[in-house]
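Below is one structure; the comments refer to it alone.
The values are calculated or read from the model by the stated rules, or taken from the named source; none is laboratory data. In this text, all values refer to a predicted model and were calculated from it rather than measured experimentally. As a convention, Cβ positions derive from the backbone with ideal geometry for all residues, glycine included, and neighbour counts pool all protein chains shown. We work out accessible area using only protein heavy atoms, side chains counted, and drop any ligands, DNA or RNA first. Shrake-Rupley method; radii C 1.70, N 1.55, O 1.52, S 1.80 Å.
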There are 2 protein chains.
Amino acid sequence: MKIGIFDSGVGGLTVLKAVRRRYPRADIVYLGDTARVPYGIRSKSTIVRFTLECAEFLVSKEVDLLIVACNTASAHALDVLRKELSIPVFGVIEPGVKEALRLTKSGNVGVIGTSATIRSGAYQRKLSSAGVRVFTKACPLFVPLVEEGLVEGDITRSVVEHYLSELKGKIDTLILGCTHYPLLKKEIENFLRGVNVVDSSEALALSLSSFVRDEGSSSLELYFTDLSQNLEFMVNFILGKGEGIRLARGVFAT
Amino acid sequence: MKIGIFDSGVGGLTVLKAVRRRYPRADIVYLGDTARVPYGIRSKSTIVRFTLECAEFLVSKEVDLLIVACNTASAHALDVLRKELSIPVFGVIEPGVKEALRLTKSGNVGVIGTSATIRSGAYQRKLSSAGVRVFTKACPLFVPLVEEGLVEGDITRSVVEHYLSELKGKIDTLILGCTHYPLLKKEIENFLRGVNVVDSSEALALSLSSFVRDEGSSSLELYFTDLSQNLEFMVNFILGKGEGIRLARGVFAT
């Protein structure tokens, strides 16, 4: 079984880690579009175009199913992908929503993510139609913070407070609607004491159980469209050990 | 006289503003590569390729000279541009260096910028060869802060302190080696009390005086490769009034 995982950058490696933990024998091919990251600040049509190009690359690697491990791309491009591709396609939004619905008691659920994810309304629609009240907040500084390795400390705490103060006391469950955010989970939980914090990566990995056969040679291929300076640091920071990195540039025009 | 100004995003609008103030009658065409911003996290070869594509777009608009209003692109791609283009090409690095050399008394000069700009060594080489001691610091969070509109306040002050503490007391002059940074000038000057803070945009505009004839119809064309959500806010935030924005997508493959 070969699983394709796509993200706009390195954040999707938190999903890879969760999938690997649950299905250790499956083969995994990961593509991070580091030449064009971040997707969260692009227009919808550009996000759809970039996502289709990346999905086609993974299909050419003969993956059996595709995980869109990027909330922005999941919010904007999942329908198009499911129409265009003949393999099953999974996003990170539905599993996070399901887990939040399972956990909430008050029926007041918060969602944080990039500006594009929040603006897309994808989480809001799914949660509202299940009858819960939704509180959202875009947190554009969280990704650059994580990529600076600032996952705890004074600056991180003041940025967490800056964004999350308006949610405090209103919600009992918070969805981390961006694959970088699990790295900030500790500070977020500290600030929102008592709130259930939902990491979509874990929820997604669990939801795949009826589609994934845990068979294969445990191979891991990591492709990136640009070998930026910070890449090796981030790969090691998230996966916790050195992994081979390959350049996928030229596969499509960047 | 038609002046072309290129930046990876919106930061170069600080240069446009300085050029406009000094040469109010000249025609200006601005291109911001918002589909692929930020350049600071890309590899050198990718930065060169992106910059060439953008320069070609501006040349097709028949500009008489080209300003590379992006420190990352100036650091990595200026030599290639000067070889490939038949019009004069100006970067933001040389004028900032000249102004810093004019101002420093202690001979200890600081440079801050994106990781790519600092890593390129472009400022360090020029300053060192003039005999001054150079202290550098990459400040990756400054651009996202500005793009969030956080140009002052507690978070901005703590990030300024985070990056600039190690320069404090060592330098008498600091070059803002990124076109976003002039918007943080007030907090930077507050923290580094008594240090000369060099805004390259002003230095560049002044240095053009023997090349630019202040003639034309004062026209201003703003092109961007992607109309991202935050764009209008940033254009108004920097230029201080509504300007027409056009989409340049399709001009080259993003």
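The table for this structure:
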item	result
Farthest positive-ward along the range A:178-232 dipole, Cα basis, beta-carbon charges - from A:SER218, A:PHE191, A:ALA205	A:PHE191
Å³ per residue enclosed by the Cα convex hull of the range B:122-248	154
For q = 0.07, 0.09, 0.10 Å⁻¹, Debye-computed log10 I/I(0) when each Cα of chain B counts as one equal scatterer	-0.21, -0.36, -0.44
At most 12 other Cβ within 10 Å, DSSP loop - GluC sites (Glu not before Pro), the range B:49-124	B:GLU62
Chains B and A together, accessible area buried on both sides, 1.4 angstrom probe, square angstrom	2500
Cross-link reach list, lysines versus B:LYS170, counting only Cα pairs under 24 Å and skipping chain neighbours closer than eight places	B:LYS98, B:LYS105, B:LYS126, B:LYS137, B:LYS185, B:LYS186
Hydrodynamic radius by Kirkwood, which averages 1/r over all alpha carbon pairs of the protein assembly as shown, in angstrom	23.8
About the Cα centre, charge dipole magnitude for the protein assembly as shown (Lys/Arg +1, Asp/Glu -1 at Cβ), debye	320
Sparse-neighbourhood loop sites, trypsin sites (Lys or Arg not before Pro) in the range B:114-198 - DSSP loop, at most 11 other Cβ within 10 angstrom	B:ARG193
Average beta carbon contacts from partner chains per residue of B:162-169, 10 Å cutoff	1
Ellipticity estimate at 222 nm from DSSP helix runs (n ≥ 4, -39,500 (n - 2.57)) divided over the protein assembly as shown, nearest 500	-12000 deg cm²/dmol
Whichever lysines have a C-alpha closer than 18 Å to that of A:LYS44, once near sequence neighbours (fewer than 8 apart) are set aside	A:LYS83
Cα-based reach from A:LYS61 at 18 Å (exclusive), listing lysines while leaving out same-chain residues under 8 positions away	A:LYS2
